[in-house]
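Worksheet: the structure to be examined is printed underneath.
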Amino acid sequence: MRELAVLSFVTLDGVMQSPTSPEEDPSGGFTQGGWATPYWEQVMPQVFAEAMSEPYDLLFGRQTYDVFSAHWPHMPDSDPVAARLNSARKYVVTNSATHPLHWRRSIRISGDIASRIAAFKAADGPLLQVHGSCQLIQTLLQHDLIDELRLWTFPVSVGGGKRLFGDGLAPVALKLIRADATTNGVVMSIYRRRT
């Protein structure tokens, strides 16, 4: 049996859309992309140490997969983040049977996603970790499939955009298990479900 963790970057007002660049996800007319970029230098070493240093399989929504697969396969494995991402097995949630999956160790999943992911969790293997993938996270939250939330909250507010906790989700109680902050004001909070 294995657990599922979400790794997400969010603004103070809960938006997770397009932290890296304006081109990452402009859907819905979102124009504030790139809000996390000024903070990366201090944040990424902490992200790697706290959430990426142990082996894991990745679980992506298709749009986030496209963003990651356009960049990370072209980075040298001397970069520890690239090495970890490139060597991980990648499960890609997509309804398209023809969407290309060129990144090494990528596997397409479709159909009843909640049941498929529950089956992955019931099997042996490393941690399943979700990066980005807002729509997929909503499905995971609705079906109570998330064991841990690994959040980095940035000291910015962007107004509208895709939120980590969308409308209509059932209430959930979480327990803070670890917290830290960078000197540039980004707060790491790692939560687990209360049992």
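We did not get these values from a lab; they are worked out from the coordinates using the rules stated. Keep in mind it's a predicted model, so treat the numbers as computed, not measured.
For the pair A70 and L127 in one chain, pulling the backbone fully straight at 0.36 nm per residue adds 18.1 nm over the alpha carbon distance. Compared with the alpha-carbon gap, the fully stretched path from E54 to L174 is longer by 40.9 nm at 0.36 nm per residue.
Running a GNM on the chain with Cα contacts under 10 Å, which residue among I177, I109, I117 ends up with the highest mean-square fluctuation? It is I177. Bridgeable lysines around K121 (alpha carbons under 25 Å apart, same-chain partners fewer than 8 residues away excluded): K90, K175. Computed from phi, the 3J(HN,Hα) profile of region 160-176 under the Karplus parametrisation 6.51, -1.76, 1.60 (θ = phi - 60°) reads x, x, 5, 9, 4, 9, x, 5, x, 7, 5, x, 9, 9, 10, 10, 6 Hz, with x in place of Gly and Pro.
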